Every structure is written in C-alpha cells, then in structure tokens.
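Presented below is the structure to which this report refers.
Just so you know, all these numbers are worked out from the coordinates, no wet-lab data involved. Please read all numbers here as calculations on a predicted model, not as lab measurements. In this analysis, Cβ positions are derived from the backbone assuming ideal geometry, glycine residues included, and neighbour counts consider all displayed protein chains.
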Amino acid sequence: MKKMEILEGSMAVTLAVKACKPGVISAYPISPNTHIVGALAKMVADGELDSQYVLSDSEFSAASIVYGASAAGVRSYTASSSQGLLLMTEVIYNAAGTRLPMVLTGTNRSISAPISIQVDHQDTLSLRDSGLIQFYVESAQEAYDMHIQAFRIAEDPDILLPVMICMDGWVLTHSYEPVELINQKAIDTFLPPYRPRHYLDPEHPLTFGSYAEDNVMMELKYMIQAAMDRAKGKIGDISSDFHRITGHAGAGLIETYGPEKADIILVGMGSLVGTMREAVDTMRADGISVGLIKVCCYRPFPGEAILGCCRNAEAVAVLDRGSSMGSEGPLSLDVKAALCNLERPHIFSFITGLGGREITTETIQKITEETMEAVKSRRILRGSQWVDLNRSIL
C-alpha cells in the first residue's frame, strides 16, 4: 500500500537516510542542511535509529569521521553546504582515491564572498573533479528516492566511490511537497546490509591512502576514472532494480522533455528544471520548437546521452547556476565537450540564478529568444551570458 505524506524536503531526506540504516552519521550543522542532520540526531537519541551519531567540531572533522567509518567497513553518511563542503574537499578527494563508498547530501548554497545563504550550485560544482559521483534532484520526491539509490550505487563492488546528492537549499530543503514513501521491507530488499570487500581489520591489516610513486600514480587515478565509466551503466541497472522492487522511478543519467527533434534544446539541472519545463510548454503552445534535457547525473557526465539527443538541433542553451570564473558555466563546458565533433548545434552558455536570484518562465523565454536570434543572425555569443530577471543579458 502506498503511503503519501506532505513533507519538508529535509525530512524526506532524513527518512530516506534512516531507512538505509547507516552505522555512522557525523555532521557539523550549516544551513540549509540543519533540519536533515538535526532530525537524524534526534532519531538516534530517541532510539528510532540504531546508529552512532558523532557531532563534530567542523565540516572537515565530520567528513573525516565518516571517512574513517567507511574505511572500517561501516555504511556512513554526512551532509554539508557551501563553505562547509569546501572545507570537506580534502577528505572527499581522499575518499574517492581510497574508494570509500560514503554518501553525503550537498544542500546547495552560494559561496562567499560576499556572504550569502541563498541557493546556487557553485559549492557542489566546485567538487566536480574530485572523483565524487554527483546527482542533482528536482523535487523532494527525487531527493528521497535518490538517497536510497545512492548507497546502493556507492557500495556496488564495480564502483566503490563516494556519492553526493545535490539538492537546492531552501527551495527544496525547506519547502513542503507530497512525497510517496517506500515501505521498509522493499528498501531492505533493494539495499541489503553493506558487506565490504576491503576494510580496516587488525586481524587482516591493509593500507589505505599510502604514498604513491610516479610509477603507480597514473594507474591509481585511472582506476577512479574507470569506476566512473562503469558507473554509467551500473546506475541504469540499479535504477531498473529500484523501479522493479519499489515501483518508484529510478535514477537516470538524463531526462528529456519536449519533441525529440526540437530546434532549440535547453539544458539544466536541479529545481530550476521545473520552471524550464513550464516555460517549454508555454513556448511550444506559441509554435516554438523547443525541448529540454534535465541532467540528473552530473558526474560521471552523460556526454553520450546528451549527444544522442542534440544531433538534429539548431542550438543548445545551457543554464548554469554556477560559473567557472574566467571561462563559462561548468555544465556548459561539459556539454560543449560532448558535442564538439558536430558541426551543429551551436551551444550557448547562460549563467543565471546566482545567490538565489529568481528565475521565472520569462527568464527562460528570454534565454530562448536570445539563442534563436543568435542562430538567425549567425551571431556567436562569446563566452557566457549572465542573465538577469529584468534584462535579457547583464
């Protein structure tokens, strides 16, 4: 029997993590993830969750604690945001390098300076090269479902990499939505207890994160890349298994919306996609041939899937909520790399929504109009275009 509840996005994540039964949870609260880790702490204190909860003295310490727990063969979880995620950077690189399947939630928030507590993707995008698998979710339901799948993906013997679920701060973490919950028996069937192959044990000593000379460093880094490549296929397999057991939609690399052969294709990720979908409906009703690609899995990057959707398009407009300063949006750069061998479509980078700036359907329509005009006049938009709500281009 299906159980539907109206839940704050943070509580949807909390219930998903609880159902996955992590043995160790550690966190140093930073908004907007405080409701997640606070609720988990209460569940442990009240005896509802059999887990060791460690309140750390910094985000670096929190990541280090779950790193150690994962190395000891224990399912582990943490969460952070903004400057806190950046403070975890060293540990996240180490977790990927030592192939530890810890799971974390990145509640997206701007990075200082200037200081802001509002949403954009700069924090999680800054970790894209670490070896961390990244998923971006559009809704509280997706956040719930993806956290359950994240542990299975991370712990798969062919992957063994940390996984981060990225959800927009405030927009998703503090909004209430209907969420369909999965019964514990189905979750236990999908996600059995973790059985690590390699872990720290005094009876069978191993070395994690040892010094590497130049004769092995490239091989060890290549192993992470190879695991990322394998993950593309394994994510699909795990997604199918999740759907079969729970009846819920599984994780995908991308989702498409609109006509298969649209002239203009918009690309985005996170909660922004809901607004983009509504704008696509409005523009299609006006006779504009426009479609949408939602990037669900940002690392490993689904370049082949995007290539297959864009071969017949005139132009692709990529919307980033973060920027690689001095270049373009990180998502845009990845899309361009995926499509670089095609004569068309033209690919345009748009930066929007930084620091929580509102993105409306009108914003999306302005971006589409600018893209159409550039194609029509054969004008190349150099670099990235920074989009404001009140003006089409900053």
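Numbers at a glance
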| quantity | calculated |
| --- | --- |
| Over the stretch 254-386, relative contact order from alpha-carbon pairs under 8 Å, at least 6 apart, % | 27 percent |
| Highest-MSF residue in the chain out of GLY106, GLY236, GLY84 [GNM, Cα springs under 10 Å] | GLY236 |
| DSSP-loop GluC sites (Glu not before Pro) across the stretch 203-304, with at most 11 other Cβ within 10 angstrom | GLU203, GLU213, GLU260 |
| Dipole axis of the chain (+1 Lys, Arg; -1 Asp, Glu on Cβ), positive-most option in ILE92, ALA45, SER112 | ILE92 |
| Overall dimensions of the chain as given by Cα atoms, namely Rg and Dmax in Å | 20.9, 71 |
| Residue (of SER239, CYS166, LEU253) at the positive-pole extreme of the stretch 136-288, dipole from beta-carbon charges | SER239 |
| Of all DSSP beta bridges in the stretch 254-386, antiparallel share, percent nearest 5 | 20 percent |
| Helical contribution to [θ] at 222 nm, DSSP H n ≥ 4, -39,500 (n - 2.57), averaged over the chain, rounded to 500 | -12500 deg cm²/dmol |
| DSSP-loop trypsin sites (Lys or Arg not before Pro) across the stretch 139-220, with at most 14 other Cβ within 10 angstrom | ARG197 |
| Radius of gyration and Dmax over the Cα atoms of the stretch 154-301, both given in Å | 20.4, 70 |
| Normalised contact order of the stretch 281-355, rounded percent, pairs of Cα under 8 Å and 6 or more residues apart | 32 percent |
| Share, in percent, of DSSP beta bridges within the stretch 3-246 that are antiparallel, nearest 5 | 25 percent |
| Gaussian network model of the chain, Cα within-10 Å springs - most flexible of ASN312, ASN183, ASN341 | ASN341 |
| Cross-link partners of LYS185 among lysines (Cα-Cα below 30 Å; sequence separation of 8 or more within a chain) | LYS2, LYS3, LYS18, LYS21, LYS42, LYS232, LYS234 |
| Debye intensity ratio in log₁₀ form over the Cα atoms of the stretch 254-386, taken at each q of 0.10, 0.20 Å⁻¹ | -0.26, -1.22 |
| Pairwise label distance in nanometres, GLU180 with ILE254, each label 7 Å out on the Cα-Cβ vector | 2.6 nm |
| Approximate spin-label separation HIS243-ALA337, in nm, with each point projected 7 Å along Cα-to-Cβ | 2.8 nm |
| Trypsin sites (Lys or Arg not before Pro) within the stretch 1-108, DSSP loop, no more than 15 other Cβ atoms inside 10 Å | LYS2 |
